[in-house]
Amino acid sequence: MGLAGLARLHGLFAAYKPPGLKWKHLRDTVELQLLKGLNAGKRPASEHRVRFLLGPMEGSEEKELTLTATSVPTLIDHPLVCGPAFTSLKIGIGHRLDAQASGVLVLGVGRGRSLLTDMYNAHLTKDYTVHGLLGKATDDFCEDGRLVEKTTYDHVTREKLERILALIQGSHQKALVMYSNVDLQTQEAYEMAVSGVMRPTNKSPMLITGIRCLQFAPPEFLLEVRCVHETQKQLRRLVHEIGLELKSTAVCTQVRRTRDGFFTLDDALLRTQWDLPSIQDAIQSAAPRVAAELEKNLRPGLGTQQPSSPGWPWDSEGPSSALGLESHAGH
């Protein structure tokens with residue numbers, strides 16, 4: 001395998017991170033499996049040198065020793081002498097997932113790490129499924145956190161929940177227009193809004209471009225969220241604040257990323273597929289799509305403009321909370 005195998009490892013691929021596993025552990029595991037595959041390949045035949053070895057003459061019964069020219073392999077490149085051929089790989093991580101979250105995690109190997117920077121600069125949206133549980137609040141917005149409050153939820157209906165979600169999306173859409181740095185009076189702004197490619201051109205708070213309820217079976221509910229510049233903790237806080245808006249409380253039981261830019265769950269390699277052949281195939285199959293999507297999303301007007309007034313105070317101009325609206329429920 002050797003250098004030929006290494007040449008096919010430059011690029012991006014997606015892995016599925018299970019809950020409870022830290023992203024750094026995932027990266028280290030992938031690196032270990034790749035090194036194991038690269039070093040398992042057949043090495044080139046060792047060079048031979050002519051050495052004069054002392055030994056008895058062939059065909060002679062006398063015990064005299066003589067020097068005989070003999071071809072022997074050199075041991076300078078033997079694995080037991082110089083160690084494994086590959087000892088480390090440069091692997092970068094894209095948009096990270098915390099230990100409790102699961103889903104699509106993009107990794108870049110070798111020269112593919114520079115493509116991760118391009119993904120950041122493109123400000124691509126990501127999709128999540130977020131599970132919520134009504135009736136209690138915790139200190140860290142997770143189900144297993146320290147219990148702070150228990151409330152009733154019999155009055156909560158799907159219609160009330162969807163009304164809150166509509167307010168959230170509307171509030172964040174207004175903020176998205178501001179951070180996209182596009183003149184609303186131009187044809188470009190209209191086309192970007194219609195095609196759904198409007199997004200911030202620089203750093204911003206979490207912006208939600210779409211949110212809807214997939215399931216509602218009190219006390220449990222399931223949301224699908226499309227957002228940019230988020231953290232998983234902010235998504236858990238979003239569930240908490242939705243509970244407050246519903247005159248109740250809620251905790252987040254699961255956060256799962258189903259899409260990161262142009263990588264989806266179908267592209268993500270499971271833990272049993274974190275080996276050299278599977279990762280090589282994933283990188284090679286994704287390469288044309290990665291190049292095309294980055295070229296499309298980084299072209300002028302879709303992410304390369306700089307805002308006219310950098311350093312805007314998020315707390316005064318951005319959404320006032322993860323909801324993007326003032327809470328009317330008692331905290």
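Which is over 11 Å from T253 (Cβ atoms) and either in a loop (DSSP other than H, G, I, E, B) or open to solvent by less than 10 Å² (accessible area, probe 1.4 Å) (or both), of V156, V130, V148? Let's see the steps before the verdict.
Values: V130 fails: over 11 Å from T253 (Cβ atoms); V148 fails: either in a loop (DSSP other than H, G, I, E, B) or open to solvent by less than 10 Å² (accessible area, probe 1.4 Å) (or both).
It is V156.
Which of the residues spanning the range 26-42 are in a helix (DSSP H, G or I), more than 13 Å from L107 (Cβ to Cβ) and touching a residue at least 12 places away in the same chain (Cβ under 8 Å)?
L35, K36, G37, L38, N39
Being more than 17 Å from I283 (Cα to Cα) and open to solvent by less than 60 Å² (accessible area, probe 1.4 Å) is the filter here; which residues of the range 27-51 pass it?
Going through the range 27-51, the residues more than 17 Å from I283 (Cα to Cα) turn out to be 28-29, 32, 36, 39-51.
Within the range 27-51, T29, N39, G41, S46 meet the criteria.
Only one residue in L97, L75, L116 is in contact (Cβ under 8 Å) with a residue 40 or more places away in the chain and surrounded by fewer than 20 Cβ atoms within 10 Å (Cβ to Cβ), so which one is that? Walk me through how you get there before you give the answer.
Numbers: L97 fails: surrounded by fewer than 20 Cβ atoms within 10 Å (Cβ to Cβ); L75 fails: in contact (Cβ under 8 Å) with a residue 40 or more places away in the chain.
None of the others qualify; the one that does is L116.
State which residue is nearest to E230 (Cα to Cα) when the search covers only the range 159-183 and only residues that are of a type outside the set (A, V, I, L, M, F, W, C) and open to solvent by less than 20 Å² (accessible area, probe 1.4 Å). Show your work before the answer.
Of all residues in the range 159-183, those of a type outside the set (A, V, I, L, M, F, W, C) come to 159-160, 162-163, 169-174, 179-181, 183.
Still in the running and open to solvent by less than 20 Å² (accessible area, probe 1.4 Å): 172, 179-180.
Working: H172: 13, Y179: 15, S180: 16 Å.
It comes out as H172.
The values are calculated or read from the model by the stated rules, or taken from the named source; none is laboratory data. In this text the structure is predicted, and so the values were computed from the model without any measurement. So basically every Cβ, Gly included, is an ideal-geometry build from the backbone, and we count neighbours across all protein chains shown. Just so you know, the surface numbers come from the protein's heavy atoms only, side chains and all, with ligands and any DNA or RNA stripped out. Shrake-Rupley method; radii C 1.70, N 1.55, O 1.52, S 1.80 Å.
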